[in-house]
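My structure is below; once you've seen it, I'll send some questions.
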Amino acid sequence: MAPTGLAILIGAGPSTGAGIARILAHPSHGNFAVALLARREEPLKQLKQSLESSVPGATFETFPTDTSPASLAKTFEAIKQHERLKGLKLRMAIFSVKHSSKKPFMEETFEDFTQSLETYVGGAFVFAQESLKRFFVDHGETPLAEGAEKKGTLIFTGTLGALRCSAQYAAYGAGRASVRQLAQTLAREMSEKGIHVAHTIANGPIRDENGEAQKIGKQMSAEAVGKTYLFLHGQEPCLWTHELDMRPALEKF
């Protein structure tokens with residue numbers, strides 16, 4: 001079955017990213033061609049092989065990149081020009097980059113702190129801007145009030161650190177909270193233009209498994225996250241969820 005559109009996922013790793021990508025591409029779910037973005041080329045190749053074996057006939061393409069402006073701009077152009085992805089309109093863009101930093105505050109340096117923000121928050125900014133450009137190119141810029149349909153969905157995967165943080169997590173908390181605020185301001189600006197912006201809070205471990213830990217609610221399934229993201233994407237303009245708290249049943253909160 002030919003893909004019905006394009007999804008771009010940055011932070012495509014062997015756990016959360018793999019499960020999300022599998023659902024997005026599966027003919028019975030999203031049926032999208034999926035562009036997989038991550039820093040290291042070899043793990044991306046291995047991920048593609050694994051996904052293709054689990055979803056025969058689905059379209060997965062890999063694009064090694066970091067979150068710098070030059071690298072992401074080059075990557076989005078490569079996606080646009082890729083032979084197997086040409087002609088597909090962008091439907092979903094997902095920022096799911098891992099970000100972790102723990103250090104006693106008096107040992108933190110200005111350089112490390114600001115580098116963390118530049119890599120994570122700056123990366124979210126550039127990814128969002130490149131995704132929005134592509135949404136507008138593919139679907140036009142007519143606002144909803146003038147009869148346009150929903151253009152697509154931009155999702156940021158966050159964590160509980162975006163809301164509250166523990167000791168020694170200054171850089172981590174500052175980064176997560178900043179991306180949450182970025183998502184909020186984008187939702188307020190882009191909703192009327194037909195782009196659904198959502199920020200999810202993953203409270204608890206996510207594994208690309210469907211075993212006992214998932215059945216009893218101890219861990220989240222990555223595929224369940226993918227299905228949740230498709231649920232968000234399927235929402236019509238009469239009701240859009242902006243922030244969604246995700247946790248397994250046994251996670252304390």
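Step by step: first the residues of segment 36-74, then only those that are of a type in the set (S, T, N, Q) and touching a Leu at 6+ places or on another chain (Cβ under 6 Å), then the one that is nearest to Gly226 (Cα to Cα). Which residue is that?
Applying the filter and picking the extreme gives Thr62.
Next question, about the same structure. Quick check: is even one residue across segment 101-110 among the charged types (D, E, K, R) and part of a helix (DSSP H, G or I)?
Among the residues of segment 101-110, at least one is among the charged types (D, E, K, R) and part of a helix (DSSP H, G or I), which makes the answer yes.
Here's something else I'd like to know. Cβ-Cβ distance below 7 Å, separation of 6 or more or different chains: which pairs start in segment 219-238 with a residue that is among the charged types (D, E, K, R) and end on one that is in a helix (DSSP H, G or I)?
Taking only residues 6 or more apart or on different chains, the pairs are Glu223/Gly19; Glu223/Arg22; Glu223/Ile23; Lys227/Ile23.
Table: residues versus (1) farther than 19 Å from Gly17 by Cβ; (2) touching a residue at least 40 places away in the same chain (Cβ under 8 Å); (3) charged (D, E, K, R); (4) assigned to a loop (DSSP other than H, G, I, E, B).
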| position | (1), (2), (3), (4) |
| --- | --- |
| Glu118 | yes, no, yes, no |
| Ala128 | no, yes, no, no |
| Arg134 | yes, yes, yes, no |
| Gln181 | yes, no, no, no |
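Something else: Of all residues being in a helix (DSSP H, G or I) and modelled with pLDDT of 95 or more in segment 139-161, which is surrounded by the most Cβ atoms within 10 Å (Cβ to Cβ)? Just the residue, please.
Here the answer is His139.
Also, quick follow-up: Only helices (runs of 4 or more DSSP H) wholly contained in segment 1-100 count here; list those with 2 or more residues that are under 30 Å from Ala171 (Cα atoms) and among the charged types (D, E, K, R).
41-54
Can you tell me which residue among Gln235, Gln214 is in a loop (DSSP other than H, G, I, E, B) and modelled with pLDDT of 95 or more?
Only one candidate qualifies: Gln235.
Identify all residues within segment 69-125 that are under 24 Å from Ala167 (Cβ atoms), among the aromatic types (Phe, Trp, Tyr) and buried (at least 20 other Cβ atoms within 10 Å of the Cβ); write none if there are none.
Answer for segment 69-125, where residues must be under 24 Å from Ala167 (Cβ atoms), among the aromatic types (Phe, Trp, Tyr) and buried (at least 20 other Cβ atoms within 10 Å of the Cβ): just Tyr120.
Okay, next question. Within segment 205-251, take every residue that is of a type in the set (Asp, Glu) and in contact with a strand residue (DSSP E or B) (Cβ under 8 Å, 6 or more places away or on another chain) and give me the one that is surrounded by the most Cβ atoms within 10 Å (Cβ to Cβ).
The residue in question is Asp208.
Also, quick follow-up: Among the listed residues Glu111, Glu77, which satisfies the condition of being of a type in the set (Asp, Glu) and over 26 Å from Tyr229 (Cα atoms)?
Glu111
Here is a follow-up. Counting only residues that are within 12 Å of Thr153 (Cα to Cα) and aliphatic (A, V, I, L, M), which one in segment 125-141 is farthest from the chain's Cα centre (by Cα)?
Out of the qualifying residues, it is Leu132.
Might you check whether a residue that is in contact (Cβ under 8 Å) with a residue 40 or more places away in the chain and either surrounded by 14 or more Cβ atoms within 10 Å (Cβ to Cβ) or touching a Gly at 6+ places or on another chain (Cβ under 6 Å) (or both) occurs anywhere in segment 35-51?
yes
Next question, about the same structure. If you check Ser191 against the conditions, is it hydroxyl-bearing (Ser, Thr, Tyr), more than 14 Å from the chain's Cα centre (by Cα) and over 24 Å from Gly13 (Cβ atoms)?
When the stated conditions are applied, Ser191 passes them.
The values are calculated or read from the model by the stated rules, or taken from the named source; none is laboratory data. None of the values given here were measured: they were computed from a predicted structure. A quick note on method: Cβ atoms are made from the backbone with ideal geometry, for glycine too, and the neighbour counts reach across all protein chains shown.
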